[in-house]
1. Go through segment 167-197 and count every residue that is acidic (Asp, Glu), at pLDDT below 75 and part of a helix (DSSP H, G or I).
2. Out of the residues in segment 368-399 that are modelled with pLDDT of 95 or more and under 50 Å from the mean Cα position of the chain (by Cα), state the one that is surrounded by the fewest Cβ atoms within 10 Å (Cβ to Cβ).
3. What number of residues within segment 250-308 are part of a strand (DSSP E or B), among the aromatic types (Phe, Trp, Tyr) and surrounded by 16 or more Cβ atoms within 10 Å (Cβ to Cβ)?
4. Going through segment 337-350 one residue at a time, which ones are buried (at least 21 other Cβ atoms within 10 Å of the Cβ) and touching a strand residue (DSSP E or B) at 6+ places or on another chain (Cβ under 6 Å)?
5. If you take the residues of segment 522-548 that are of a type in the set (Phe, Trp, Tyr) and over 60 Å from the mean Cα position of the chain (by Cα), which of them is nearest to GLY455 (Cα to Cα)?
6. Suppose we keep only residues that are without any contact (Cβ under 8 Å) to a residue 24 or more places away in the chain and β-branched (Val, Ile, Thr) within segment 261-287. Which one would you say is nearest to ALA211 (Cα to Cα)?
7. Across segment 207-231, what is the total count of residues that are more than 30 Å from ASN326 (Cβ to Cβ) and not in a strand (DSSP E or B)?
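The values are calculated or read from the model by the stated rules, or taken from the named source; none is laboratory data. Keep in mind the model is a prediction, meaning the values are calculated, not measured. Counting neighbours? That spans all protein chains shown, and the Cβs are built from the backbone with ideal geometry, glycine included. We work out accessible area using only protein heavy atoms, side chains counted, and drop any ligands, DNA or RNA first. Shrake-Rupley method; radii C 1.70, N 1.55, O 1.52, S 1.80 Å.
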Amino acid sequence: MPVGKADPLVSCTHSLPFTSVRPHTPAIIHFPHHAFPNLRGSMTHRYKALATLVLTLSVAAGYAQSATGSTDAPRKSHHRSSHAKQGPSVEDQIQALRNQMQQQAGEIQDLRQRLSDRDAQLQQAQQAAQQAQQAAQQAQQAANQQQQTVTANTTAVSSLQSSVDDLKSSTSAAVVEVKKQAAEVKKAVLNPDAVHYRGITVSPAGSFIEAATVYRSAATGGGINTPFTAIPLANSDAGQMSEFKGSGRQSRIALKADGKLSNVDMTAYYEMDWLGTGITSNNNQSNSYVVRQRQLWARAAFQNGMIVSGGQMWSLATETTHGLDNGTEILPGTIDPQYEAGFVWSRQYGFRVAKDFGNKFWIGVSAENAQALPGGSNPANQVLGQAGAGGGLYNPTANYSYNVAPDLIAKIAAEPGWGHWELFGISRFFDNRVYPNAAAKSAAGAYNNTVVGGGVGGGFRAPLFDKKVSIGLKGLYGEGVGRYGSSTIADITFDKAGNIKPLHTFSALSTIELFPTPRWYIYLNYGGDYVGRDIQNGDTYGYGLYSTPMTGCNTEALPGGAFSPGGTGPCGGNTKDVQEFTAGYWYNFYKGPKGMFRYGLQYSHFDRNIWSGAGGPLDPTGSAVAPDDVFETSMRYYLP
């Protein structure tokens, strides 16, 4: 500052009234941060600016004070005593302001540092929050994914558990099936029910070994097979003697072969026993008898219900248990191989065609072997057949009729839901050659005489009381059908000219069967075969003639030797009927996978009645009767 010049700042200072300023009380001035935009500049510049501002404010305040004082009070002298007390100097005030400003600057710096630290912390917190939010989002995403995974895993576990359960069940079923198949294979290997050969199944089912006995109160001279029409008259020598026979000849071997194609089931069946006789057969020592053919047939059953069969078989007239199927024939449960009087049957060659309609209804026809059984008069001016030719492999001790055609049989069967029902018809064709000039010993005018016969039959069999009881009835009525009755009575006779006359015949059998337990089978049968009279040419020809001598029917005749029974006196009447009542049972000691072992006992009472003729001394009608009481036993083992 130049010498002689007064310091403007000092001059202004002295001219200002400072009486209002409190000593030692520095004024603290607070400035907002936005008032000092250049606060971040140098400290010197900031201090200068502050000082300038303070001085300016001081001058303005003094000026205002002076103006106010000149108005309200008289002007005082500006001259004061040199001894008057003076306040702090401007430098001190400035210094104080500077100190305050430095202090505030420090505080501001401290605040700025704190603010910076807070901003940094806030930024870090924001970053941490962002990171935490990102981590939370990632965690949520991970949780969602984990939840999805858990859900998927739960579903998978559930599915897996279900699969495991199914697998366990399937495995258990498979194990059971494998064990079952293994058992079946083991059984098939060690205990086969059938033999398998190139797709064919061969089974011996139906085969059995039998030890049978028969006792008759009237001797017939037969084995266990009863000749019904040969039962001796009551007053004959044989009729007054009993007989006992034991035999294993009814033992049977059966073989059944089954083969299946895509649309047809093929079956072949063979059955044999030892009830045949040969020239050397006898009971002297070895009891040797020949094999007899019982059945030998083949069948093709198509899926459309058509059934074709042929061979030696049971006649279509024989009762069956199912439809018209071969092999389902139902026979009386008797021990006697001739079965029961009144039973309708034959076992012979046949060719059969049948149709199955829904396993409820069947219809079939067959052509079967024929044989005529003549009875009564047998005129010599005709020929019906001849004894068997050895070169034709027929038995030379048996008679064979010439046959113009086979027997034709048609049959329907129904199984509506209760029982088995049948209706059938038989057509027969008899043929012989007649010589009308035989009396003149001339064959001139000879001709063939063909006569048609036939009959109609039917029957049923049904269960009762929860299959504990079975009832059945079967019958056949017609002309010339006597050979289909079990007694094999006559079915034709002749007139004087030699022409064939079919006889009226009737056969019937009623049956009650009881099955109280699986071991017991009890049967009761009553049946009979009947043939009617046929009188020709004024009682000189025919069957059952009234003129037949009957005077010796009640008289025992002398025998012709040790093996030649004499029978009775004159008693030439023809058989009228054969009636039989039978009661028997079978008891199964064992029935299972090893087969069946059973025992049977049977009682039968026969009455063979004779048509009356020219009367005898004890019976005004001249009729005669041939009774017989028969007891039979059987022990059988059936192959499984």
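1. Selection size over segment 167-197: 1.
2. ASN369
3. 4
4. Answer for segment 337-350, where residues must be buried (at least 21 other Cβ atoms within 10 Å of the Cβ) and touching a strand residue (DSSP E or B) at 6+ places or on another chain (Cβ under 6 Å): GLU340, ALA341, GLY342, PHE343, VAL344, GLY350.
5. TYR541
6. THR277
7. Total satisfying the criteria: 7.
To keep it simple, each residue is scored yes or no on (1) under 42 Å from the mean Cα position of the chain (by Cα); (2) under 21 Å from GLN382 (Cα atoms); (3) open to solvent by less than 40 Å² (accessible area, probe 1.4 Å).
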{"site": "THR450", "(1), (2), (3)": "no, yes, no"}
{"site": "GLY459", "(1), (2), (3)": "yes, no, yes"}
{"site": "LYS474", "(1), (2), (3)": "yes, no, yes"}
{"site": "THR505", "(1), (2), (3)": "no, no, yes"}
{"site": "LEU509", "(1), (2), (3)": "yes, no, yes"}
